[in-house]
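Every number in this text was worked out from the coordinates using simple rules, so none of it is lab data. The model shown is predicted, which means the values in this text are computed figures rather than measured ones. Glycine gets a Cβ as well: all are built from the backbone with ideal geometry, and neighbour counts include every protein chain shown.
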Amino acid sequence: MTTSTDAKHSVAEVVTAAALSQDAKAELIAKLGERVAGPVELHETVDPSVLGGIKIVLNGQEFDGTLVTQLKNQWAPVVGSLRDEQGRLIAVVSVVQPLDEAQEAELVKKLSTKLGESVVIEQKIDPQLIGGVKISVNGKLFDGSVKAQLARLRTILATSTEGEA
């Protein structure tokens, strides 16, 4: 899957298990256009092996909402270590906006050092985090998202005010 960008438009490579309706295509083009602040050309591929959901590559960033990826992300903490074909630990990194190459390289370096073995990152876009990062790797969850920090602060404030009442 490749994408290209020129001064006129962005190209989005989209893979789905079944063909998108014209309405769904129009809605997807509009949403992607908002994201890149410009027109988007959609190239759709139907691949039954994606097992539901959708995979999009736009301007070099991959957004994978396929069922297999969702299940892998959901069960990673339960199952334990997930590894790629080269035996590297897979760290599922949830962020509001995609990490750029430098940010991803720095995070890979820090995780590899902390865990003592080679790590590869699989990014997951989650706007509900508000900001920050949530990392699931080797059966552990590190939640540094703004959403989690606000929840912790809410708990602290609730317990400290209960003692004063």
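A few points about this structure:
- THR66, THR113 arranged by Cβ crowding within 10 Å, fewest neighbours leading: THR113, THR66
- Rounded to the nearest 20 debye, dipole of the stretch 10-65 from Cβ charges on Lys, Arg, Asp, Glu: 80
- Here the Debye sum runs over all C-alpha atoms of the stretch 79-152 as equal scatterers in vacuum, and log10 of I(q)/I(0) at q = 0.13 Å⁻¹ comes out as -0.37.
- Between ASP100 and ILE130, the distance separating the two model label sites (each 7 Å from Cα on the Cα→Cβ line) works out to 2.6 nm.
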